[in-house]
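Participant: Pasting in a structure now, in C-alpha cells, and then I'll have a few things to ask.
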Amino acid sequence: MKNTLLAFLLLLAAALPARAQDAFVAALPGLAGNFNAQAEAVERLGALADPRAIPVLRALTDGRLLKRPDNTLVIREGTTTTDVLTGAATDAAGTEALRINNRVRVALRGALGRLQLVSPDPAERLAAAEAVFRTRSADNVPLLDAALARETVPRIRDRMAIALAASRLMASDPAAKLLGVEALGASASPEARAVLLEARAANPDILPQIEAAVAAIDRRLAVRRAAETFFQGLSLGSVLLLAALGLAVTFGVMGVINMAHGEFVMLGAYTTFIVQEACRGIPWLLPWSLPLSVPAAFLVAALCGAAMERGLIRHLYGRPLETLLMTFGVGMMIQQSVRLVFGAQNREVLSPPWMQGTLLLPFDIPVTQNRLWILAFSLVVLGLTVAAIRFTRFGLEMRAVTQKRAIASSMGIRTGRVDALTFAFGSGIAGIAGVALSQIDNVSPNLGTGYIIDSFLVVVFGGVGSLAGTLVGAFGLGLVNKILEPWAGAVLAKVFVLIAAMIFIQRRPRGLFAQKGRAAEA
Amino acid sequence: MSSGRRLYLDGVSVVFDGFRALNNLSLIVEPGELRSVIGPNGAGKTTMMDVITGKTRPTAGTVNFGDIDLTRMDEAAIANLGIGRKFQKPTVFDALTVFENMELALKAPRGPLACLRWALTGEAKSRIEQALEETGLQERAEDLAGILSHGQRQWLEIGMLLMQDPELLLVDEPVAGMTDAETEHTAALLVRIAGKRSVVVVEHDLEFVRALGRRVTVLHEGSVLSEGSIDHVQNDQRVIEVYLGR
Amino acid sequence: MSATVSPLPASRARLGLRTGLLVALLLLAAMPVLNQLPTTHPLHVSDFLVSVTGKWICYAILALSLDLAWGYAGILSLGHGAFFALGGYAMGMHLMRLIGPRGVYGHPVLPDFMVFLGYRELPWYWLGFDHFAFAMLMVVLVPGVLALVLGWLAFRSRITGVYLSIITQAMTYALMLAFFRNDMGFGGNNGFTDFKELLGQPLNTSAARSGLFYASLIALAGAFLLCSRITASKYGRVLTAIRDGENRVRFLGYNTTHHKLFAFVLSAMLAGVAGALYVPQVGIINPGEFSPANSIEAVIWVAVGGRGTLVGAILGAFTVNGLKTWLTSAAPDLWLFVLGGLFVLVTLFLPKGLIGLLKGRGA
C-alpha cells in the first residue's frame, strides 16, 4: 500500500519536469538551423522557464555552441566539450561552431534576460525579477507565472509577484488588470505604488480600484516607516542606556557628578582596540576579541574610577560644583593622554563575523545585526547592574552607605571602601559601554564628549537614583530623537530634544521616577 | 490686644509617600496669642511650620492667615505677609557680619532694585542697634556670623526675626543650646513680644513651656492630642501615655 | 573666638589691591602707546602682545560676569560662553552688514555666505543690524533675553547646583549645534569673517586696533566698577546670602527668583559686551565659540583667580590665558594637561584661588 503511493508520487514528480524537458529537447534542433530557425528556437527556449536552456543560450551567444554533423549540439567549455542533452563529455572532433546574426543576438539577449528568472543562482533570479518589473510587458506574464511556481525563496517570490502584477496591469484584458491591481495593492513596495500611480492615466475605468490599492500600500508603508523609526529609536536608546547606566550609579546613587564619565567610556573603547590587537597573533581567538574586551574594559575603567575616587573625589564630598570642575579637568587630562599615546586619528575596531550583516524583519524592515546585539547587550548590562545592586552583599552595603552613612559606618561597614567600589562599579559600566560604542562609533580620544550631556539628561530625566527611570529615560530620549528626525533633521531634532529635556527638567526637577518625601528634600 | 489677623488651620493633612506627617490637623492662633506646641519626635511640629510658611504644600485642608489662603503662596510672599520663622537649626549667613545679617532681615522693600538703591538711614541703623542690644550681640556686630557660638547664633536668628517685624512669629526650639539664664531671658522676650504679635513656639523643654505659662497644644502623630493650660495637658491621660509618661 | 579680625589689615589689603589694580590699568593703557615706539626701542611692545592682550581684556570681562553669577549668586553657569558668543554674533552681524558691496561676490546687500547659499534677500532677523546703535542694543539684549527666559524657567522651578550647571551646558551645546547649520542664516560652521570696518574706521589700521583696545579696557574698568558697586550694596549681600542659604533668604521674604534672575541677566549682558568687543579684534566669530569646553574654561579662570572677589576673576583670566598663549606655542601637547591640572589643583588645594593665596600671605 505504502509502496504504491510512493511509486505514484515519484511518477507524478517525474512527469512534471518531463513535459518541460520535452519542449526543451524539441526546441534544440532549431538552434542548428538557419538564422530564422535559430531566432524562433531562441524565443521558444526563452519562454520555457527551464534553467537548462541558460548554458545553451549563453554558449550560443559566446560562439561556444557547436553542432555535430547529425545536428546534435555540444558546448565547448575551455578545452573540454560536453553534450547538451546528456551532459557527458564528448569528443570535439567533426564539430562546427554555430554562427548567429544580429537578429538572433537580440532574441538571445531577451531570452536570457527572461531565463534568468529560473537561474540556479538566487541573486541572478532576483536581478531578473527586478529587470522584468522595470520593463513591464504583458508578454512576460506566462513566463513569470512559470517562474513563480518554481520559486522557493520568499524574498524573490515577493519581487516576482510584484513584477507579475505589474506586468498584468499592462494586459488588455480588464480582468487581468484588476488581478494585477489587487496583487500590487497587497504589497508594501514603493515601486508598486509608483506603478499604480502611473497606471491611473491609462486606466480610467478601474480608477477606484487603483486608488484603493495605493491607499492600502500607503498604510503598509506608514507602518513600516514607523517600525523602522521605532527600531532606530530603540537602538539609540540602547546606546544612551549603556552610556548613562554607569552615571546612574555614580551620580544617581552616590551623588557624585563625574564629568570624566565620557572619558571612561572612551577608555573602554580603546581597551577593545588593544584587546583586538593582542588577539591578532592568535587567529582562532580573533573573532572572540570583542567578548574578551568586556571584562577587560570593565577592569580598566573600574581601576581608573577607583583611583580617581580615592585620590581626588573623596576630598570633595558635599561640594558638587567643585567635583564637577575637578572631574572635568581629569577628563581633559585622560583625553590628552590617550591622544598622545594613540594619536588623534580614529582607531579601527572590527566587528566579529557573527555581528555583521543586516537582518530583514517582516515588512522588509532592515535591522543591522550589530545594533541588535547592542540592544540586547544593553538590556543584559542593565539586568546585571540591577542584580548587583539588589542581590549582592556589595549592593546592600552600597545602598546602606548612600542612605545612612553614619549608621552604616557604625554597623561595621567600611564606608570608604564601599564608596571606592561603588564608584569603580559605575566607571566599569562606562568601560563596558565603550566596548559597545566601538562597534558603531569612531574610536577617537573625544569619543566620550558626545555622550556626556545626553547621559546626564537621561539620568536626570529618568529621575536620579532610579535605574528603572534610567531605562525609560534612555529609550524615551532615543525614540523622541528619532521620531523628530524625519521632519526636523538630525541636528535640529537634537536641539529640540535638548530644549524639551530642559523644559521637562524644569517641570519635574526630580525626574519621571521621583523619590518623594522628606528624604528627597535633603 | 492686637487687631491683627488670626492663624487658622483646618483639616490639614500632609502625606509623603504614604506616610502621614500631618493628619487632619486643626489649630487656631488668635491675634496676639502666645501658643506653645509640644509633642514627641515625628509628631508633625516642624511639618506644621513648613505648611504655614509655604515650604510644604498640604495634601488637603485649609491654611488661612486672616482671610488670606496661605496654601497658594510661596515662602517669600508669606514672609512678606508678616509671618516670620526661626528654624530649629539656626541658619544665619556665615559670610556676612552680624550687622549685615540683621540688615538683611530688616523690614524694607525686598526687590533687587530696591536693594541696590538701599542706603542705611539713621532710623534703620538705630533699629538694628536696638535689636543687637536686645540679643546681646552689640560687641560682635562687625564679626562674621560664621564665627559665632551656637547660642549666639540662636540669638542672632531671634534678632533677625525681630528685624522682620512680623505679625506672627513661628519659633522652633529657641532655647536649644542656651544656658539657664539665657533661657529665662528668651522666655521673657517672647512673652514681651506676644500681645503686639502672635507667637507660636515649638519646644521640647517643658520647663521653658511652663515659664511661658500660656496655652499649650500637644501634637501626636500629626494631629492635636490635647490643648489647654500646661497643667491641663500634663494631667491629660492620653498625653501622659504617649509623651510625658515615657 | 579669638579669630576676630581687626579691621586694619583688611583695609590695608584692600588699599593694596586698589593700588595694584590702578597700576595694572595704567600699564595696560600704555601698551598701544609703547607699541608705536620703534621696534628696536627697549620699551617697544610687539603687535602680537597688544592684540593678544586686547583679547585677554575681553576674557577678563567675561570672567567678571561669570564671577557675579557664580562667585556671588552661586549660579555656576557652564554656558556663559553662549552669552559671549551671542554678543559676538550680534557684533559680527553688524560688521558683516558694513562690508556692503565689498564682498567677494560683490552683492550690494547680502553677505558672501548668503549669496553662496542662494539667499534672495536678507532674513528678517538681520534687519536693523546695519545701524551701530541697534546692533549694540542687540549685543546686550539677545544674551539678556536668553538668560531671562532660561533663568526664569530654572530659578522658578528651584533648579540649583549641578542641575542648573548641566542645563546651562546643554543650552550652549544646543546653540552650537544650531549655529553649525547653514540654514540658520548665521554662516554655518564658517561663521562670519573678512570684516572691513567699524564706525567708519578700517579695521586693519593700528588706529582701529588701539581704539578697540581702549574700548575694551574702558569696558573692563566700567564692568569692574559696576560689579563692585553691585556687590558692595545690600543687593550684593542678598546675593551672597542666596548663594549660602537660598531657602533661608526666602523665609526672610526675598523673592530669590527675582534676585537671581537680575544677577544672571546682568551677567549675561556683560558677557555679551565682552563677546562684541572680542569679535572685531580677532576678526572672526564661528559656532566653535559656543562649545561647552569654552564655557567651562572661563569658569576655571574665575576659580584660579579666586571667585567672589571680582579682582580674582580678572587676575585669573589674565593668568590662565597668559599661560595658555605661552604653552600652546612652547609645548602644545602639554597645555591640556596643565589646564586639566589647574581644575584639579584649584578645586582641591586652592579653593580661594590666587587672591586667597595673596591675601593669606599678607595676613
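The values are calculated or read from the model by the stated rules, or taken from the named source; none is laboratory data. None of the values given here were measured: they were computed from a predicted structure. All Cβ positions, glycine included, derive from the backbone under ideal geometry; neighbour counts span all protein chains shown.
Participant: Which of the residues that make up the range B:88-108 are more than 8 Å from chain C (Cβ to nearest Cβ) and small (Gly, Ala, Ser)?
Facilitator: Selection gives B:108 alone.
Participant: Sticking with this structure for a sec: Please verify whether residue C:147 is small (Gly, Ala, Ser), over 29 Å from residue C:112 (Cα atoms) and more than 10 Å from chain A (Cβ to nearest Cβ), treating the condition exactly as stated.
Facilitator: yes
Participant: Continuing with the same structure: Which one of these is assigned to a helix (DSSP H, G or I), in contact with a helix residue (DSSP H, G or I) (Cβ under 7 Å, 6 or more places away or on another chain) and at pLDDT 85 or above: A:183, A:161, A:192, A:216? Let's see the steps before the verdict.
Facilitator: Values: A:183 fails: at pLDDT 85 or above; A:161 fails: at pLDDT 85 or above; A:192 fails: at pLDDT 85 or above.
Only one candidate qualifies: A:216.
Participant: Say whether the condition of being β-branched (Val, Ile, Thr) and closer than 22 Å to residue B:32 by Cα is met by at least one residue in the range B:83-94.
Facilitator: Checked the range B:83-94: at least one residue is β-branched (Val, Ile, Thr) and closer than 22 Å to residue B:32 by Cα.
Participant: Could you list, in sequence order, all residues of the range B:103-143 that are among the aliphatic types (A, V, I, L, M) and within 24 Å of the chain's Cα centre (by Cα)?
Facilitator: Scanning the range B:103-143 gives B:104, B:105, B:106, B:108, B:124, B:128, B:131, B:132, B:137, B:141.
Participant: Can you confirm whether residue B:186 is β-branched (Val, Ile, Thr), under 25 Å from residue C:233 (Cα atoms) and free of Cβ contacts under 8 Å to residues at least 60 places away in the same chain?
Facilitator: When the stated conditions are applied, residue B:186 does not pass them.
Participant: Moving on. Take residue B:119 and decide whether it is more than 8 Å from chain C (Cβ to nearest Cβ) and free of Cβ contacts under 8 Å to residues at least 12 places away in the same chain.
Facilitator: Details: more than 8 Å from chain C (Cβ to nearest Cβ): yes; free of Cβ contacts under 8 Å to residues at least 12 places away in the same chain: yes.
Yes.
Participant: Something else about it: Going by what's in this entry, would residue C:61 be described as within 25 Å of residue A:322 (Cα to Cα) and buried (at least 24 other Cβ atoms within 10 Å of the Cβ)?
Facilitator: yes
Participant: While we're on this one: Does the range A:462-471 include one or more residues that are under 30 Å from residue A:403 (Cβ atoms) and modelled with pLDDT under 70?
Facilitator: Checking the range A:462-471: at least one residue is under 30 Å from residue A:403 (Cβ atoms) and modelled with pLDDT under 70.
Participant: What are the residues in the range C:338-363 that are of a type outside the set (A, V, I, L, M), at the interface with chain A (Cβ under 8 Å from one of its Cβ atoms) and without any contact (Cβ under 8 Å) to a residue 40 or more places away in the chain, if any? So that I can check it myself, show each step before the final result.
Facilitator: Step one: of the range C:338-363, the residues of a type outside the set (A, V, I, L, M) are C:340-341, C:343, C:347, C:349, C:351-353, C:356, C:359-362.
Keeping just the survivors that are at the interface with chain A (Cβ under 8 Å from one of its Cβ atoms) gives C:340-341, C:343, C:347, C:351.
Hits for the range C:338-363 are C:340, C:341, C:351.
This table checks each residue for (1) of a type in the set (D, E, K, R); (2) under 18 Å from the mean Cα position of the chain (by Cα).
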residue	(1), (2)
B:13	no, no
B:18	no, no
B:23	no, no
B:28	no, yes
B:33	yes, yes
B:51	no, yes
B:58	no, no
B:62	no, no
B:83	no, yes
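Participant: Still on this structure: Which condition breaks for residue C:104 when tested against (1) at pLDDT 90 or above; (2) β-branched (Val, Ile, Thr); (3) not in a helix (DSSP H, G or I)?
Facilitator: Every condition holds for residue C:104 apart from (1).
Participant: Which is crowded, with 21+ Cβ neighbours inside 10 Å and at pLDDT below 85, of B:152, B:138? So that I can check it myself, show each step before the final result.
Facilitator: Working: B:138 fails: crowded, with 21+ Cβ neighbours inside 10 Å.
One residue alone meets the criteria, B:152.
Participant: Related question: Just the residues that are outside any helix (DSSP H, G or I), buried (at least 22 other Cβ atoms within 10 Å of the Cβ) and in contact (Cβ under 8 Å) with a residue 60 or more places away in the chain, please, taken from the range C:287-307.
Facilitator: C:307
Participant: Among the candidates A:202, A:165, single out the residue that is crowded, with 21+ Cβ neighbours inside 10 Å and more than 19 Å from residue A:53 (Cβ to Cβ).
Facilitator: Sole residue among the options that is crowded, with 21+ Cβ neighbours inside 10 Å and more than 19 Å from residue A:53 (Cβ to Cβ): A:165.
Participant: While we're here: If I go through the range B:66-87 residue by residue, how many of them are away from chain C (no Cβ under 14 Å) and in a strand (DSSP E or B)?
Facilitator: Step one: of the range B:66-87, the residues away from chain C (no Cβ under 14 Å) are B:66-69, B:71-72.
The next check asks that each one be in a strand (DSSP E or B); those that pass are B:68-69.
Looking only at that region, the number is 2.
Participant: Looking at C:136, C:171, C:184, which one is of a type outside the set (D, E, K, R), within 14 Å of chain A (Cβ to nearest Cβ) and under 19 Å from the mean Cα position of the chain (by Cα)?
Facilitator: On inspection, the qualifying residue turns out to be C:171.
Participant: Are any of the residues in the range A:43-63 acidic (Asp, Glu), surrounded by fewer than 17 Cβ atoms within 10 Å (Cβ to Cβ), modelled with pLDDT of 80 or more and part of a strand (DSSP E or B)?
Facilitator: No, the range A:43-63 contains no residue that is acidic (Asp, Glu), surrounded by fewer than 17 Cβ atoms within 10 Å (Cβ to Cβ), modelled with pLDDT of 80 or more and part of a strand (DSSP E or B).
Participant: Residues being under 22 Å from the mean Cα position of the chain (by Cα), on the phi < 0 side of the Ramachandran plot and at the interface with chain A (Cβ under 7 Å from one of its Cβ atoms): count how many of those fall in the range C:155-168. Steps first, please.
Facilitator: Residues of the range C:155-168 under 22 Å from the mean Cα position of the chain (by Cα): C:161-162, C:164-168.
Those left that are additionally on the phi < 0 side of the Ramachandran plot: C:162, C:164-168.
Cutting the leftovers down to at the interface with chain A (Cβ under 7 Å from one of its Cβ atoms) gives us C:162, C:165-167.
Residues in the range C:155-168 being under 22 Å from the mean Cα position of the chain (by Cα), on the phi < 0 side of the Ramachandran plot and at the interface with chain A (Cβ under 7 Å from one of its Cβ atoms): 4 in total.
Participant: Continuing with this model, one more query. Which residues, counting only those in the range B:119-135, are surrounded by 14 or more Cβ atoms within 10 Å (Cβ to Cβ) and not in a helix (DSSP H, G or I)?
Facilitator: B:135, the sole residue that qualifies.
Participant: Another question, then. Residues that are aliphatic (A, V, I, L, M), within 14 Å of chain B (Cβ to nearest Cβ) and touching a residue at least 60 places away in the same chain (Cβ under 8 Å): find the helices (runs of 4 or more DSSP H) completely inside the range C:196-282 holding 2 or more of those. Let's see the steps before the verdict.
Facilitator: Details: elements: C:206-232, C:234-251, C:256-282.
The qualifying helices (runs of 4 or more DSSP H) are C:234-251, C:256-282.
Participant: Restricting to the range A:317-332, what's the tally of residues that are of a type outside the set (D, E, K, R), closer than 17 Å to residue C:244 by Cα and within 7 Å of another protein chain (Cβ to nearest Cβ)?
Facilitator: Of the residues in that region, 2 qualify.
Participant: Give me the residue from the range B:1-44 that is surrounded by fewer than 19 Cβ atoms within 10 Å (Cβ to Cβ), hydroxyl-bearing (Ser, Thr, Tyr) and not in a loop (DSSP other than H, G, I, E, B) and, out of that set, farthest from the other protein chains (Cβ to nearest Cβ).
Facilitator: My answer is B:26.
Participant: Only residues that are part of a loop (DSSP other than H, G, I, E, B), surrounded by 15 or more Cβ atoms within 10 Å (Cβ to Cβ) and in contact with a helix residue (DSSP H, G or I) (Cβ under 8 Å, 6 or more places away or on another chain): list them for the range A:86-110, please.
Facilitator: Correct list: A:98, A:100.
Participant: Also, I was wondering about something else. Filter the range A:242-267 down to the residues that are in a loop (DSSP other than H, G, I, E, B) and on the phi < 0 side of the Ramachandran plot and list them by number.
Facilitator: A:254, A:256, A:257, A:258, A:259, A:260
Participant: Then there is this: Kindly evaluate residue B:143 against the criterion of being out of contact with any Ser or Thr (no Cβ under 8 Å at 6 or more places or on another chain), facing another protein chain (nearest Cβ under 7 Å) and surrounded by fewer than 19 Cβ atoms within 10 Å (Cβ to Cβ).
Facilitator: no
Participant: Next up: Of the residues that sit in the range C:321-337 and are surrounded by 13 or more Cβ atoms within 10 Å (Cβ to Cβ) and among the hydrophobic types (A, V, I, L, M, F, W, C), which one is farthest from the other protein chains (Cβ to nearest Cβ)?
Facilitator: C:323
Participant: Right, another one. Which condition does residue A:138 not pass, out of (1) over 30 Å from residue A:32 (Cβ atoms); (2) of a type in the set (Gly, Ala, Ser); (3) buried (at least 22 other Cβ atoms within 10 Å of the Cβ); (4) in contact with a Ser or Thr (Cβ under 9 Å, 6 or more places away or on another chain), if it passes all the others?
Facilitator: The number of the failed condition is (3).
Participant: Let me ask something else. Condition first: more than 17 Å from residue A:261 (Cα to Cα), in a loop (DSSP other than H, G, I, E, B) and more than 10 Å from chain C (Cβ to nearest Cβ). Can you find one or more residues in the range A:475-493 that meet it?
Facilitator: no
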